[in-house]
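Just below is one structure, and these are the notes that go with it.
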There are 2 protein chains.
Amino acid sequence: MKQKQADQAGENILYRYCIPEWRTVVDTGRELRSVKKGQPVFSEKDIVQGVFFIDTGKVKIHQRWGDEKELIIRFAKNGDMLGYRGLGKEKVYPVSATALEDTTLVYLDIRLFEATLQVNPRLTYALMDFYANELEATERRVRNMAHMEVKGRVAEAITMLKRDFGVNEQGFIDIKLTRQDMASYVGTTYETISRMISELEAEKLIRTSGKNIAVLNEKQLEQLL
Amino acid sequence: MKQKQADQAGENILYRYCIPEWRTVVDTGRELRSVKKGQPVFSEKDIVQGVFFIDTGKVKIHQRWGDEKELIIRFAKNGDMLGYRGLGKEKVYPVSATALEDTTLVYLDIRLFEATLQVNPRLTYALMDFYANELEATERRVRNMAHMEVKGRVAEAITMLKRDFGVNEQGFIDIKLTRQDMASYVGTTYETISRMISELEAEKLIRTSGKNIAVLNEKQLEQLL
DNA sequence: GCAAAAGTATGATTTATATCATAATTTTAA
DNA sequence: TTAAAATTATGATATAAATCATACTTTTGC
């Protein structure tokens, strides 16, 4: 279950579906960036200038709502793409991306990326498939929000995090989140998350140690869904 | 604001982005279907056999949850595509589509459609863009579910319906939904929808007549968002 | 290494909305 | 056309979760 680390800038959709001839162009145009934990990769309302591919580290994609509240759209890890939202109809990012730990990324100018799409129909096809799947997952989230109680949504979030990020040697899910970040993803308050985690722990479905979470009883946890 | 009717099977993404040479192939393979009000176009768990393009009529795309509850993912009208969700990884529809009024559709075998994508990169590109935008809209819905109260979500739904379906001569939004369908879209109960609509009407923001809804004060309605 | 800041657990109270209940109205189909 | 079925409006009650409050713990940055 341990997540494989991308040990080179390359384990991503861009490189996987790019024809070799064009890959040289991309390599010339690309740029490496690093972002410290807690720092933004880009922010809502920033002018869109390029797309990012995570090499190492983890990032949250989120959106502010009013003054205090935010919603986390998704968590991203090595290999994942950030910052592309269809043709540049809108010229600003509709979301923010913030590093959850020290992160390195490959940056590609938006014009170069769009040219790359034109030249590589298979990449466009893969990207279409990615969005179609992402859409389905997001629709599932809407459904959960509408009909599932918070505890079930927390169980779902933990299950998703385990699937996407794997676990480390001690069995803890390989991503550390604050209660507030969990809350912003699940769509509730950090107090409620705190309570739900205490409950799940009392029921021996999970085990925690600070921000670490380990699943103890996967089957029963999934019964809450 | 009146919605333009597609007076021929053709006002859709498929025809718009299909190269002329291939269009003949599509025309040969296509099939016309009609579905009576209340009848399914396809259902969750059905084997995916093809994709649909609405010619006339309106359709809801929805998903059951447990025994009684459902969530409406979106409403579709002439020109809209139904039933395609990325490469045929899953062989069953994850959602149902049901006619809200008598509807006619163009049906295309899934293999023919995927071949069409291979031959028409611009179609793939357009589809990718469609999904990217749909994703953004759905993420917005998740956010609304998480942070907005029911009344605001009802206001948002009404605004969206007006934008997407236009209004008729009497100013009513050109789609008739039951309170239950509204509820299933907004993520609440039909009793709550009933109350919210009464409230909005008392505040003179909308006007209703049976299932018809007209917006009276767009600005103030949008202030609820 | 330590003080300040950020994050966490848990209790008490409030509140929005679900649920339950009933009567009135509209739609459907025989 | 008419009776049955579906839909709607609205009131009363219950409840999950938000909010408010406080003490405790961990993390951060100088």
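Of the residues in region A:45-86, how many are of a type in the set (Asp, Glu) and away from every other protein chain (no Cβ under 14 Å)? Write out each step before concluding.
Our first condition is that a residue be of a type in the set (Asp, Glu); within region A:45-86, this holds for A:46, A:55, A:67-68, A:70, A:80.
Adding the requirement that they be away from every other protein chain (no Cβ under 14 Å) leaves A:46, A:55, A:80.
Result for region A:45-86: 3.
Filter region A:87-106 down to the residues that are among the hydroxyl-bearing types (Ser, Thr, Tyr) and crowded, with 19+ Cβ neighbours inside 10 Å, then identify the one that is nearest to the other protein chains (Cβ to nearest Cβ). Show your work before the answer.
Residues of region A:87-106 that are among the hydroxyl-bearing types (Ser, Thr, Tyr), as a first pass: A:93, A:96, A:98, A:103-104.
Going one step further and asking which of them are crowded, with 19+ Cβ neighbours inside 10 Å, we end up with A:93, A:96, A:98, A:103.
Details: A:93: 11, A:96: 13, A:98: 16, A:103: 22 Å.
That would be A:93.
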Legend entry - Residue check, residue A:136 of a type outside the set (S, T, N, Q) and under 17 Å from residue B:137 (Cβ atoms): yes
Inset, instruction - State whether one or more residues within region B:178-194 are assigned to a strand (DSSP E or B) and buried (at least 20 other Cβ atoms within 10 Å of the Cβ). - result: no
Inset, instruction - Could you tell me whether region B:184-195 includes any residue that is among the acidic types (Asp, Glu) and within 11 Å of DNA strand D (Cβ to nearest atom)? - result: yes
Legend entry - Pairs where the first residue, in region B:185-196, is under 18 Å from residue B:60 (Cβ atoms) and the second is part of a helix (DSSP H, G or I) and away from DNA strand D (no atom under 12 Å from the Cβ), C-beta under 6 Å, 6+ apart: B:185/B:157; B:186/B:153; B:186/B:157; B:188/B:150
Inset, instruction - Please work out which residue is farthest from residue A:145 (Cα to Cα), limiting yourself to region B:195-215 and to residues that are in a loop (DSSP other than H, G, I, E, B) and more than 11 Å from DNA strand C (Cβ to nearest atom). - result: B:204
Inset, instruction - Could you tell me whether any residue of region A:202-213 is more than 14 Å from DNA strand D (Cβ to nearest atom) and in contact (Cβ under 8 Å) with a residue 60 or more places away in the chain? - result: no
Inset, instruction - All but one of (1) without any contact (Cβ under 8 Å) to a residue 40 or more places away in the chain; (2) among the hydroxyl-bearing types (Ser, Thr, Tyr); (3) within 21 Å of residue B:77 (Cβ to Cβ) hold for residue B:159, so report the exception by its number. - result: (1)
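Within region A:171-194, restricting attention to residues that are of a type in the set (Gly, Ala, Ser) and within 14 Å of chain B (Cβ to nearest Cβ), which residue is farthest from DNA strand C (Cβ to nearest atom)?
The residue in question is A:187.
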Legend entry - Residue list for region A:139-151, filter: surrounded by fewer than 21 Cβ atoms within 10 Å (Cβ to Cβ) and more than 16 Å from DNA strand C (Cβ to nearest atom): A:140
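Scan region B:163-177 for residues that are touching a Leu at 6+ places or on another chain (Cβ under 9 Å) and crowded, with 17+ Cβ neighbours inside 10 Å and jot them down. Even if it seems obvious, please write down each step before you answer.
First pass over region B:163-177, keeping only residues touching a Leu at 6+ places or on another chain (Cβ under 9 Å): B:171, B:173-177.
If the condition is that a residue be touching a Leu at 6+ places or on another chain (Cβ under 9 Å) and crowded, with 17+ Cβ neighbours inside 10 Å, then B:173, B:174, B:175, B:177 are the ones that fit.
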Inset, instruction - Select from region B:119-137 the residues that are more than 7 Å from chain A (Cβ to nearest Cβ) and over 14 Å from the mean Cα position of the chain (by Cα) and list them in ascending order. - result: B:119, B:120, B:122, B:123, B:126
Inset, instruction - Please specify each residue of region B:10-24 satisfying the condition of being over 21 Å from the mean Cα position of the chain (by Cα) and closer than 20 Å to residue B:82 by Cα. - result: B:18, B:23
Legend entry - Failed condition for residue B:158, given (1) surrounded by 15 or more Cβ atoms within 10 Å (Cβ to Cβ); (2) closer than 24 Å to residue B:54 by Cβ; (3) in contact with a Phe, Trp or Tyr (Cβ under 9 Å, 6 or more places away or on another chain): (3)
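One residue is enough: does region A:159-168 have a residue meeting the conditions among the polar types (S, T, N, Q), over 30 Å from residue B:62 (Cα atoms) and within 13 Å of DNA strand D (Cβ to nearest atom)?
Our first condition is that a residue be among the polar types (S, T, N, Q); within region A:159-168, this holds for A:159, A:168.
Still in the running and over 30 Å from residue B:62 (Cα atoms): A:168.
Filter once more, so that each one left must be within 13 Å of DNA strand D (Cβ to nearest atom): none.
No: zero hits.
Any residue at all in region B:79-97 that's part of a strand (DSSP E or B), without any contact (Cβ under 8 Å) to a residue 60 or more places away in the chain and either charged (D, E, K, R) or assigned by TED's automatic domain parsing to the domain that holds residue B:211 (or both)? Spell out the reasoning first.
Here is the first cut: in region B:79-97, the residues part of a strand (DSSP E or B) are B:81-82, B:92, B:96-97.
Pick out the ones that are also without any contact (Cβ under 8 Å) to a residue 60 or more places away in the chain and you get B:82, B:92, B:96-97.
Now narrow it down to the ones that are either charged (D, E, K, R) or assigned by TED's automatic domain parsing to the domain that holds residue B:211 (or both): none.
Looking for residues that are part of a strand (DSSP E or B), without any contact (Cβ under 8 Å) to a residue 60 or more places away in the chain and either charged (D, E, K, R) or assigned by TED's automatic domain parsing to the domain that holds residue B:211 (or both), one finds none in region B:79-97, hence no.
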Inset, instruction - Return only the number of the condition from (1) within 17 Å of the chain's Cα centre (by Cα); (2) part of a helix (DSSP H, G or I); (3) over 30 Å from residue A:119 (Cβ atoms); (4) touching a residue at least 60 places away in the same chain (Cβ under 8 Å) that residue B:152 does not satisfy. - result: (1)
Inset, instruction - Show the residue pairs that are 6+ apart or on different chains and have beta-carbon atoms under 8 Å apart, the first residue being within region A:43-60 and within 25 Å of residue A:161 (Cα to Cα), the second being among the aromatic types (Phe, Trp, Tyr) and assigned to a loop (DSSP other than H, G, I, E, B). - result: A:43/A:93; A:44/A:93; A:51/A:84
Legend entry - Conditions (1) within 16 Å of DNA strand D (Cβ to nearest atom); (2) surrounded by fewer than 16 Cβ atoms within 10 Å (Cβ to Cβ); (3) of a type outside the set (Val, Ile, Thr); number of the one not met by residue B:222: (1)
Inset, instruction - Return a yes/no flag: does region A:56-65 have any residue that is more than 24 Å from residue B:145 (Cα to Cα), in the same structural domain as residue A:118 (by TED's automatic domain parsing) and not in a loop (DSSP other than H, G, I, E, B). - result: yes
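Quick test for you: out of A:108, A:112, pick the one residue that is part of a helix (DSSP H, G or I), touching a residue at least 24 places away in the same chain (Cβ under 8 Å) and touching a Gly at 6+ places or on another chain (Cβ under 8 Å).
Numbers: A:108 fails: part of a helix (DSSP H, G or I).
Testing whether each residue is part of a helix (DSSP H, G or I), touching a residue at least 24 places away in the same chain (Cβ under 8 Å) and touching a Gly at 6+ places or on another chain (Cβ under 8 Å) leaves just A:112.
The values are calculated or read from the model by the stated rules, or taken from the named source; none is laboratory data. Just so it is clear, the structure is predicted and the values come from calculations on it, not from any experiment. Glycine also receives a Cβ, built like all others from the backbone with ideal geometry; neighbour counts cover every protein chain displayed.
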